[in-house]
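**Q** I am attaching a structure below and will ask some questions about it afterwards.
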Amino acid sequence: MKERLNTLNPMQREAVLKTDGALLLLAGAGSGKTRVLTHRIAYLIEQGVRPFNILAITFTNKAAREMKERVFNICEEGNQVLVSTFHSLCVRILRRDIDKIGYTNKFTIYDSDDSERLIKDIMKDYKINDDLLSPKAALNEIGRQKDKLITATTYAQNVDSDFRKKLIADIYIAYEERLKANNSLDFDDLIFKTVQLFVNNPDVLEYYQERFKYIMVDEYQDTSTSQYTLIKLLANKYKNICVVGDDDQSIYGWRGADINNILDFEKDFKDAQVIKLEQNYRSSKTILDTANFVIKNNFGRKEKNLWTENEQGSLINYEKCNSDREEAVFVANEILNKMKDGYSYKDFAILYRNNSLSRILEEQLVFLSIPYKLYGGVNFYGRKEIKDIISYLKVLENPDDEISLKRIINVPKRGIGDATILKASEYALNNNITLFEALSKADEISDLGRKTKSVVDFYSLISDFIKKAGELSIPDLIDYILYKTEYTEELRKEGTDEALGRISNLEEFVSKAVEYEESEEDVSLTKFLEEVSLVADIDSMEDGDNVVTLMTLHSSKGLEFPVVFIVGFEEGIFPTYRALTSGNPTDIEEERRLLYVGITRAKKELYITNAKSRLQHGRYINNATSSFFKEMPQELINIKEKPEKQKISFSTSEETSNKYRPQPSYKPNVSAYLKRDIPAPKNVFLDFQVGDTVKHFKFGQGTVLKIEPAGADYEVTISFDNVGEKKLMANLSKLKKA
């Protein structure tokens, strides 16, 4: 072990040797924290601590497996140490002692779908309409309360006059009663009930305090209120607790993580020692200096400064493109150029703030035959909401497409269940007709009963879409389908971050349709669907490790790549519009920490890119460069800016003119992606004008201040009586003259 200790740097060695008492290990990005934890466990065992008395907690099963393997490689007794995630630990504890809080150890664990179904049953029994509150929104709020260790009774006692919260309180109480009657726990209960078990049963708590005399917690900055409370209860007797984390990498506040857990550690454990791991083994000096320069603008942090003995490295590359298409072209071409320098595809990562930015990047990678893999989700065209709308379009193009028809027949839900579909399918088979034709004869299908009207209405809806397909542009057709089916409206009612992300993806799909129509001379729905299908099919053909990585900045945490691209570096995208307008400075600080995480993923080279004009929500938007750019050390940045295409030399010489004209390497016409005057949408008619009073389902009445064309719709600026000025899309928002 002594030889192994000599391989550690002085601060790492000090952290390993500090075995008793409380220790806060501030481990900067790439500073070898896992190495320290594994050596610390091995050292404890060498000093006579029983492996049975050591607990190490990580956030993922993968991290737990890797840590256990590394400990075993150092010390064979290490396989007896409990290395576990929070939830796995709690299941183990509850299986042994949950009977003390009224359950049996045969309890089942509900996943999110099970929980949502239970919420739906409760809402049905209580006659709570989905229009008032979606089951998923109720479940998310209940989860947030459980994470804060707030019981249903306490929540109900503290709700104000908010009608929505009162509904949730009633549902929460009933939900807990049903769970207990079913001897079941949901995922949030695993920690919540373990804390409850410990608080109500001191003897059980003491047993586990004696069992786990030495506790180590990784990624402590990501702990929530319930996780923090659990750890504090377990460590309260012996206080031999080592927490490892980096407050500068706390990026999960939106899902319950509380950065104050790590910032206030010394208040919770008065004699705690703090050791900083600041030597970075991953990145170049230029990358680390940039990261340090950015993160020092945060106030809610513990002071530290990453340094490295690595080489200085190349400057940060900043590329400002004229359009999002040019941005994608630049990134893809730069990858191909770097391949000539000996890099492999797996050396590259493209990171973005939200998933909707991946679509145009995926298309360009496919066009240039660059293999890639999308992490943290399916590829753009494989996402449920995109597959749903594509299925609608496929049915309009080919009503005999039974697979697509079955996918959308009850999406959004319209009361046509599996039994109804089965009866219609049997009728089609017996009469030798297609399923779509069978739907047109719903009145003749026996045993449909009250479902007949739902089937007739669906057939009429699709027939109307088929008619509109011959009249509307593709973007307008997509908007029309989303409006008539109320697909987007259902997602808005859900109100979760996931639902808002799906709406963003649908808007990005409209942008794709606008882009397609502008770049193709011979436009047709058939060719559009063919182009979309080819992208999805080609993506699935690449299977192997040597691929370019595409992922969100959140998903990249804990990873590293020789070359990193951070794209969409624009105000309103990164930092997000929500963070900019929330009025809470901690939201901007979390966005800045996310940038810090992104920067420190890079080992050798870092690219920052953005676009002057980006196609969003079906229209061209001019976003300013991210305000974070000014916080980066300008002397460490190699700034490149694409020449404006409209600023071509006035010389009549063809040679001089071509000197400033960008030479695109992609198929579509460059001019298709330049910002231009937006034409009035086709087949969208408004029954109001500037000065009129209009009504909105959520914001009430307001006065129209401005009406502007916005691609497939009109953007209307309205001064509402209750909520002030808002900008809305007329068609999608169902604006009507009051």
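The values are calculated or read from the model by the stated rules, or taken from the named source; none is laboratory data. Because the structure is predicted, anything quoted here is derived from the model rather than measured. No Cβ is skipped: glycine too gets one built from the backbone with ideal geometry, and neighbour counts run over all protein chains shown. Calculation scope for accessible area: heavy atoms of the full protein, side chains included, ligands and nucleic acids excluded. Shrake-Rupley method; radii C 1.70, N 1.55, O 1.52, S 1.80 Å.
**Q** So, with a 1.4 angstrom probe, what is the percent of accessible area on the stretch 307-360 that is carbon and sulfur? Let's see the in-between values first.
**A** Values: 850 of 1990 Å².
Here it works out to 43 percent.
**Q** Which value in Å is the Kirkwood Rh of the stretch 122-230 over different Cα pairs? Provide the component values of the computation, followed by the final result.
**A** Details: mean 1/r = 0.0637 Å⁻¹.
Evaluated over the stretch 122-230, this radius sits at 15.7 Å.
**Q** Which whole-number percent is the relative contact order of the stretch 186-342 (Cα, under 8 Å, 6+ apart)?
**A** On the way: 150 pairs, mean separation 26.6, N = 157.
Over the stretch 186-342, the number comes to 17 percent.
**Q** If I take R0 = 51 Å and measure r between the Cβ atoms of residue 6 and residue 340 in this structure, what FRET efficiency does the formula 1/(1 + (r/R0)^6) give, to the nearest 0.05? Let's see the in-between values first.
**A** Working: r = 41 Å, r/R0 = 0.81.
Taking R0 as 51 Å, the efficiency between residue 6 and residue 340 is 0.80.
**Q** Take every Cα pair under 8 Å in the chain that's 6+ residues apart, average their separations, divide by the length, and report that relative contact order as a whole percent. Could you put the intermediate results ahead of the total?
**A** Details: 1164 pairs, mean separation 109.5, N = 738.
Relative CO of the chain lands at 15 percent.
**Q** Here's another thing I want to ask about it. Report the chymotrypsin sites (Phe, Trp or Tyr not before Pro) located in the stretch 220-299 that are in a DSSP loop and have at most 15 other Cβ atoms inside 10 Å of their Cβ, or state none.
**A** On the way: sites: 220, 228, 238, 252, 254, 265, 269, 281, 293, 299; in loops: 238, 252, 269, 281, 299.
Here the sparse-neighbourhood loop sites are 281, 299.
**Q** Taking R0 as 41 Å, what FRET efficiency do you get between residue 293 and residue 46 from their Cβ-Cβ distance, rounded to the nearest 0.05?
**A** On the way: r = 41 Å, r/R0 = 1.01.
E(calc), rounded to 0.05, equals 0.50.
**Q** How compact and how long is the stretch 193-287, expressed as Rg and Dmax of its alpha-carbon atoms in Å?
**A** Both quantities, over Cα of the stretch 193-287: 15.4, 54 Å.
**Q** Enumerate the whole-percent occupancy of each 5 Å bin, from 0 to the last occupied one, for all C-alpha pair distances of the stretch 422-513.
**A** Pairs per bin, as whole percents: 3, 13, 17, 15, 14, 15, 14, 8, 2, 0.
**Q** Taking all pairs of distinct Cα atoms, average 1/r, flip it, and tell me the Kirkwood hydrodynamic radius of the stretch 1-133 in Å to one decimal place. Each step should come with its number before you reach the end.
**A** Details: mean 1/r = 0.0551 Å⁻¹.
That comes to 18.1 Å for the stretch 1-133.
**Q** Where nothing but the Cβ of Lys and Arg (+1) and of Asp and Glu (-1) is charged, how large is the charge dipole of the chain around its Cα centre, in debye to the nearest 20? Don't skip to the end; give the middle numbers.
**A** Details: 104 positive and 116 negative charges, 333 e Å.
Using only the charged Cβ atoms, the result is roughly 1600 debye.
**Q** Put +1 on the Cβ of every Lys and Arg and -1 on every Asp and Glu Cβ in the chain; which of 693, 16, 260 then has its Cα farthest towards the positive end of the dipole?
**A** With unit charges placed on the Cβ atoms, the residue in question is 16.
**Q** Translational D (Stokes-Einstein, µm²/s) of the chain at 20 °C and 1.002 mPa s when Rh comes from the Kirkwood sum over C-alpha pairs? Can you show the working numbers first?
**A** Working: Rh = 29.2 Å.
Result for D is 73 µm²/s.
**Q** Taking H as built 1.01 Å from N, whose amide H comes closer than 5 Å to the amide H of residue 736, not counting residues under 5 places away?
**A** Here the answer is 695, since their amide H atoms fall under 5 Å of that of residue 736.
**Q** Which value, in debye to the nearest 20, describes the size of the charge dipole of the stretch 239-359 about its Cα centre when Lys and Arg Cβ atoms bear +1, Asp and Glu Cβ atoms bear -1, and nothing else is charged?
**A** Details: 18 positive and 20 negative charges, 43 e Å.
Here the size comes out at about 200 debye.
**Q** What 222 nm value per residue comes from the helices of the chain, counting each DSSP H run with n ≥ 4 as -39,500 (n - 2.57) and dividing by all residues, nearest 500 deg cm²/dmol? Numbers along the way, then the final one.
**A** Numbers: 29 runs with 327 residues, N = 738.
Taking each H run of at least 4 residues, the total per residue is -13500 deg cm²/dmol.
**Q** Within the stretch 429-468, list the trypsin sites (Lys or Arg not before Pro) lying in a DSSP loop whose Cβ has at most 12 other Cβ atoms in a 10 Å radius.
**A** Values: sites: 441, 450, 451, 453, 467, 468; in loops: 441, 450.
Sparse-neighbourhood loop trypsin sites (Lys or Arg not before Pro): 450.
**Q** Write down the radius of gyration of the stretch 249-327 and its Dmax, each obtained from C-alpha positions, in Å.
**A** Both quantities, over Cα of the stretch 249-327: 17.3, 56 Å.
**Q** Full-extension gain between residue 692 and residue 62, please, as 0.36 nm times their residue separation minus the C-alpha to C-alpha distance.
**A** 220.9 nm
**Q** Using the heavy atoms of the protein chains alone and a 1.4 angstrom probe, what is the accessible area of the chain per residue in square angstrom? Working shown, then result.
**A** Values: 33860 Å² over 738 residues.
That works out to 46 Å² for each residue.
**Q** Follow-up question, since we're still on this one. If you average the sequence gap of Cα pairs under 8 Å that are 6 or more apart and divide by the length of the stretch 371-483, what percent do you get for the contact order? It would help to have the intermediate numbers written out before the result.
**A** On the way: 77 pairs, mean separation 22.7, N = 113.
It rounds to 20 percent for the stretch 371-483.
**Q** Counting only Cα atoms, I'd like the Rg/Rh figure for the stretch 72-149, Kirkwood definition for Rh. Provide the component values of the computation, followed by the final result.
**A** Working: Rg = 18.6 Å, Rh = 15.8 Å.
Taking Rg over the Kirkwood Rh, I get 1.17.
**Q** If you don't mind, there's one more thing I want to ask. Just to be sure I follow the definition: excluding the sites themselves, where is the longest run in the chain that has none of the GluC sites (Glu not before Pro) in a DSSP loop with at most 10 other Cβ atoms within 10 Å?
**A** Free of exposed loop sites, the longest segment is 1-302.
**Q** When the chain is fully extended, how far beyond the present Cα-Cα distance does residue 148 get from residue 443, taking 0.36 nm per residue of separation?
**A** Numbers: separation 295, 0.36 × 295 = 106.20 nm, distance 5.34 nm.
Residue separation times 0.36 nm, minus the Cα-Cα distance, leaves 100.9 nm.
**Q** I've got another one for you. Find the centroid of the Cα atoms in the stretch 21-55 and in the stretch 165-230, then give the distance between the two in whole Å.
**A** 26 Å
**Q** How many percent of DSSP beta bridges within the chain run antiparallel, rounded to 5?
**A** If I count the DSSP bridges inside the chain, around 30 percent turn out antiparallel.
**Q** Just in the stretch 291-339: which trypsin sites (Lys or Arg not before Pro) are loop by DSSP and have at most 16 other Cβ atoms within 10 Å?
**A** Details: sites: 296, 301, 302, 304, 320, 325, 338; in loops: 296, 301, 302, 304.
Of the trypsin sites (Lys or Arg not before Pro), the ones in loops of the stretch 291-339 whose Cβ has at most 16 other Cβ atoms within 10 Å are 296, 302.
**Q** Please turn the phi angles of the stretch 609-618 into ³J(HN,Hα) values with the Karplus equation 6.51 cos²θ - 1.76 cosθ + 1.60 (θ = phi - 60°), one per residue in order, whole Hz, x for glycine and proline.
**A** For the stretch 609-618, the Karplus-derived couplings read 10, 8, 10, 5, 10, 10, 7, 10, 6, x Hz, x marking Gly and Pro.
**Q** Carbon-plus-sulfur fraction of the accessible area of the stretch 49-203, 1.4 Å probe, in percent?
**A** On the way: 3720 of 7950 Å².
About 47 percent, which is the carbon plus sulfur part of the accessible surface.
**Q** Suppose R0 equals 22 Å; then what is the FRET efficiency for residue 402 and residue 452 from their Cβ-Cβ distance, rounded to the nearest 0.05? Spell out each step's value before the answer.
**A** On the way: r = 20 Å, r/R0 = 0.93.
It comes out at approximately 0.60.
**Q** Mind running the shape call on the stretch 242-394? Use the C-alpha gyration tensor, a ≥ b ≥ c as the square roots of the eigenvalues: rounded below 1.5 for a/c, prolate if a/b tops b/c, oblate otherwise.
**A** Working: a/c = 2.79, a/b = 1.53, b/c = 1.82.
In terms of gyration-tensor shape, oblate.
**Q** Which whole-angstrom value gives the distance between the alpha carbon centres of the stretch 547-590 and the stretch 69-119?
**A** If we compute the Cα centre of each part, the gap is 32 Å.
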